[in-house]
Amino acid sequence: MRTPGKTWRPLLAALAILLVLGGGLAALTLIPPETPAPSDAPPPVTAAPAQVLLEMPRAQQKTLSCVRADGTGYDIRSAPGLTADSFVYELTPGFTGFTYGHYGLNAVAAVFVRLSGTPLADSPTDAQLAEFGLAPPAVVWTVTGTESAVTLEVGALTGLGDGYYARLDGGNVFILPLSPGTALLKPESELRTLNNLPAIDTEDPYATLRGLQVSGPDTAYTLRVLPDDERVSDLEGFTIGPYALTEPVAAQGNDFYIEEQVIAPIAAIAPSVVMADHPADLAPYGLEDPARLTLTLADGAPLTLLIGGQDKDGARYLMYEGVDSVLLDPVGDYTFLRADYVTLMVHTLWLEDINTLTGVTFGLPAGERRLDFGHTGAGEPAAMAPLLDGVPVSETNARRLYISLLAITLSEVLDEAPAVGQPSHVFTLYRADGGQRVMKIYPYNERRLLVSLDGEPPRFTVLPADVAAVADKLAAVDRGEELPQS
């Protein structure tokens, strides 16, 4: 049998919960709504529809002049193009050393072809003009046409960020759409074409480039780009690519590594920001003692890029030599500043076309031998009447004896040239222009011989077997044998 107290306890607990909840809800209804904070933004844009405020066809536009709030400005002059409906634009005064792209100048002219805006305030007060960023305006454009002239003032960005406050000929305020407003607010520096480097076609680099020189704290080398007639080799088993290394050694270029480590990174250089014009101090940009990239263009003119340090994001500071403006390249790859010339060269130590030579001397331990090529100048390639020590030999043997010299290839490069005595071998090429190339071979160790090219310290090593093969081929010719193709 239940007691009366136990029967009522659950009901009393439920009633208490309802009273608590009810009191909480009542309290919530008594809290006043939050008052929104006052806004400092300009008045909201009205929903009035956009209207066409001005139409001035390109053919009527003659000069578009702007004056910015800081007192700087420029003029854009229009002239007919090659066709009836095309126009060319010139910016003055421009910054020395830069040109100006048609796209940016054309975008300014396009604004006035059909100027549209959303009406906002009739007869604005001085306070409203200040609030809209129109007292003074950010920029004032004056467009002089064949029939009339108009003035457009552009002010602050709207609170919604969808346009700019503007007014035409000192009249009512309207909302200028974002895209044309952005075009009109660009300073002269943002209209420059900053990338003056040529587009290099890896299939035909000679079309735009004759050579390049790189110098920096970690490397220094010079490359020459070869024309088609110098890339054709009639030496059996040898082909010549489009690049030749001329400094610090003369050698055939390794096309793969040159394109990967030099040409492709140079082609990717893309300065896109002007950091400073007429900088008083170059040290903050690492340009007081810059690395240098000099391109020899197709017309023979040099173009030198000065390469400085990097910002915190890894972007690179640049200057064109003779142009007093610091640029920033946020995306470039400057691998070519670390390229090792030994990697860039084919390890054939000599790069000389047999058709440019009159002969070779082979200075061997047993004595000196001389091979005269005896070019007749007939045929393509030019025919020969070669002589070995004054005795006629076949043209095939003459060419294959010369190939034996080209087969002496680089094994390694020493950091420092060791002291040497007398050379064991001396090979000399005689050019048709009267010049000479000299290769001297010195003992080094059981596995390597040292090589000096054209009087330079002997820092290269080669395999003894490559050098011994030259004497072996000469002996085979003396025996009357026809040398096999290498």
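Please treat every number below as a calculation from the coordinates, not as lab data. It should be emphasised that the depicted structure is a prediction, and the values quoted were computed from it without experimental measurement. Because the Cβ atoms are built from the backbone with ideal geometry, glycine has one as well, and the counts that use them run over all protein chains shown.
Arranged from fewest to most other beta-carbon atoms within 10 Å of their beta carbon, 384, 275, 319 become 275, 384, 319.
Our summary gives the chain a relative contact order of 9 percent, counting only alpha carbon pairs under 8 angstrom and 6 or more residues apart. On the principal axes of its alpha-carbon atoms, segment 108-171 has extents of 35, 23, 19 Å, going from largest to smallest.
The helix-only estimate of mean residue ellipticity at 222 nm for the chain, built from DSSP H runs of length n ≥ 4 each weighted as -39500 (n - 2.57), is -5500 deg cm²/dmol after division by the residue total.
For segment 51-193, dividing the convex hull volume of the Cα atoms by the residue count gives 108 Å³ per residue.
Dividing the Cα radius of gyration of the chain by 2.2 N^0.38 Å, with N the residue count, gives 1.69.
Cα centroid separation, segment 281-298 to segment 167-183: 42 Å. Cα centroids of segment 66-95 and segment 333-403: 58 Å apart. Within segment 364-441, the GluC sites (Glu not before Pro) that combine a DSSP coil assignment with at most 14 other C-beta atoms in a 10 angstrom radius are 416.
Tell me, what is the percent relative contact order of segment 354-478, built from C-alpha pairs under 8 Å that lie six or more residues apart? Here the relative contact order equals 23 percent. Farthest toward the positive end of the dipole of the chain, out of 163, 100, 61, is the Cα of 163, where the dipole comes from beta carbon charges about the Cα centre. Normalising the Debye intensity of segment 56-137 to I(0), with uniform scatterers on Cα atoms only, and taking log10 at q = 0.11, 0.18, 0.19 Å⁻¹ returns -0.43, -0.91, -0.96.
Here the simple spin-label model places points 7 Å from the Cα toward Cβ, and for residue 438 and residue 59 these points are separated by 7.6 nm.
The residues neighbouring residue 176, those whose beta-carbon lies less than 12 Å from its own, together hold a net charge of -1 under the Lys/Arg +1, Asp/Glu -1 convention. Global dimensions of segment 205-344 from alpha-carbon coordinates: Rg and Dmax equal 16.4, 59 Å. Charge dipole of the chain (Cα centre as origin; +1 on each Lys and Arg Cβ, -1 on each Asp and Glu Cβ, all else neutral): 1820 debye, rounded to the nearest 20. With a cut-off of 11 Å between beta carbons, the residues surrounding residue 62 carry a summed charge of 0, where Lys and Arg count +1 and Asp and Glu -1. With respect to the chain, whose longest principal axis is taken over its alpha-carbon atoms, helix 395-406 is tilted by about 60°.
Taking a sphere under 14 Å around the Cβ of residue 148 and counting the other residues whose Cβ falls inside, with K and R at +1 and D and E at -1, yields a net charge of -2.
Residues 240, 263, arranged from fewest to most other Cβ atoms within 10 angstrom of their Cβ, appear as 240, 263.
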